[in-house]
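Beneath this line is the structure, given in structure tokens, with notes to follow.
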Amino acid sequence: MKTSSNKLFEPALVQTAFKQSFIKLDPRVMVKNPVMFTVEIGTLVMAYVTVYSISNSGQGSAIYNFFIFLILLLTLLFANFAEAIAEARGKAQADSLRKTREETPAKVVLENGTIETRSSALLKKGDVFICEAGDTIPTDGEIIEGIATIDESAITGESAPVIRESGGDKSSVTGGTKVLSDQIKVQVNTQPGESFLDKMIALVEGASRQKTPNEIALTILLASFTLVFIIV
């Protein structure tokens with residue numbers, strides 16, 4: 001589940017982000033960000049002014065106008081590149097989480113007491129599984145038997161392991177965490193698609209949220225300042 005191996009400037013991510021930085025120049029995309037959309041308008045204006053000044057040597061400095069155009073264009077590309085890098089890393093992290101959810105095996109205890117290994121994606125509420133030292137907990141649940149030391153750093157970021165046991169207020173376990181010692185029997189307490197991992201995947205994939213009134217006001221203010229700066 002850990003995604004530390006995904007480097008910030010991994011070649012594949014950089015290549016994808018570089019392409020997206022140009023694709024995002026589409027006005028239909030840029031209009032979603034009023035500030036950068038205003039900068040794009042200024043870039044187009046400076047492109048026209050540069051071409052015009054080249055064809056009319058008496059109308060301003062072509063070199064000066066070109067540098068202004070270049071600075072504005074690079075500003076757009078760098079902003080789009082940074083956004084594309086964040087999106088690419090989010091997608092890679094979501095893929096890693098999804099892989100963890102689908103490929104983590106679960107040792108399901110059947111009604112006759114036998115153990116059957118199946119994918120954690122097939123678990124449903126009420127199923128019972130066991131986890132031993134070294135196992136990754138396949139999904140969220142409540143410990144109904146046993147006690148174990150569990151590494152929850154992949155979820156909480158805390159390096160110190162915690163103790164989970166049945167019959168108390170510390171009986172809940174989360175999918176994606178790892179059992180370090182002993183053995184526990186866990187009953188699934190979530191429906192398919194409602195586990196912590198599923199929620200994390202939805203969050204990382206960029207579940208959209210509405211902007212707060214303060215964010216909207218700040219965006220309008222910045223767009224106004226940017227427009228005034230370009231005009232002046």
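Cross-link pairs exceeding 27 Å in C-alpha to C-alpha distance, out of Lys107/Lys170; Lys24/Lys99; Lys19/Lys178; Lys170/Lys199, comprise Lys24/Lys99; Lys19/Lys178.
The stretch 119-134 and the stretch 53-110 have Cα centres spaced 39 Å apart. Kyte-Doolittle mean at least 0.0 and Cα extent at least 24 Å along the axis: which DSSP H helices of the chain qualify? Qualifying helices, which must be both long enough and hydrophobic enough, are 34-55, 62-103, 213-231. When only Cα pairs below 8 angstrom with a gap of at least 6 residues are kept, the chain shows a relative contact order of 20 percent. Taking the Cα centre of the chain as origin, work out the dipole magnitude from +1 charges on Lys and Arg Cβ and -1 charges on Asp and Glu Cβ, in debye rounded to 20. Value, rounded to 20: 900 debye. Coordinate range of the alpha-carbon atoms in the stretch 86-134 per principal axis, descending: 48, 23, 13 Å. Most tightly packed first, judged by the mean number of other beta-carbon atoms within 10 Å of their residues, the peptides 17-28, 34-45 read 34-45, 17-28. Think of the chain as having a plus end and a minus end, set by charges on the Cβ of Lys, Arg, Asp and Glu; of Leu97, Thr50, Phe69, Thr50 sits farthest toward the positive end of this dipole.
With a/c under 1.5 counting as rounded, go ahead and sort the stretch 84-188 into rounded, prolate or oblate using the C-alpha gyration tensor (a ≥ b ≥ c being the square roots of the eigenvalues; past the cut-off, prolate if a/b is larger than b/c, else oblate). Since a/c reaches 1.5 but b/c is at least a/b, the shape of the stretch 84-188 is classed as oblate. Amide H to amide H distances under 5 Å link Thr177 with Ile137, where only residues 5 or more positions off or on other chains count and H is placed in the peptide plane.
Using bins of 10 Å that start at zero, the share of Cα-Cα pairs per bin across the stretch 11-101 amounts to 16, 35, 26, 14, 6, 2, 0, in whole %. The alpha-carbon positions of the chain define a convex hull whose volume is 160 Å³ per residue.
In order along the stretch 137-151, the Karplus-derived 3J(HN,Hα) couplings, from 6.51 cos²θ - 1.76 cosθ + 1.60 at θ = phi - 60°, round to 5, x, 7, 5, x, 10, 6, 10, 7, x, 9, 7, 8, 10, 8 Hz, and Gly and Pro are given as x.
Every read-out reported here was derived from the displayed coordinates using simple, explicitly stated rules and does not represent laboratory data. Please read these numbers as outputs of a predicted model, since none were measured by experiment. Positions of Cβ are backbone-derived with ideal geometry, glycine not excepted, and every protein chain shown enters the neighbour counts.
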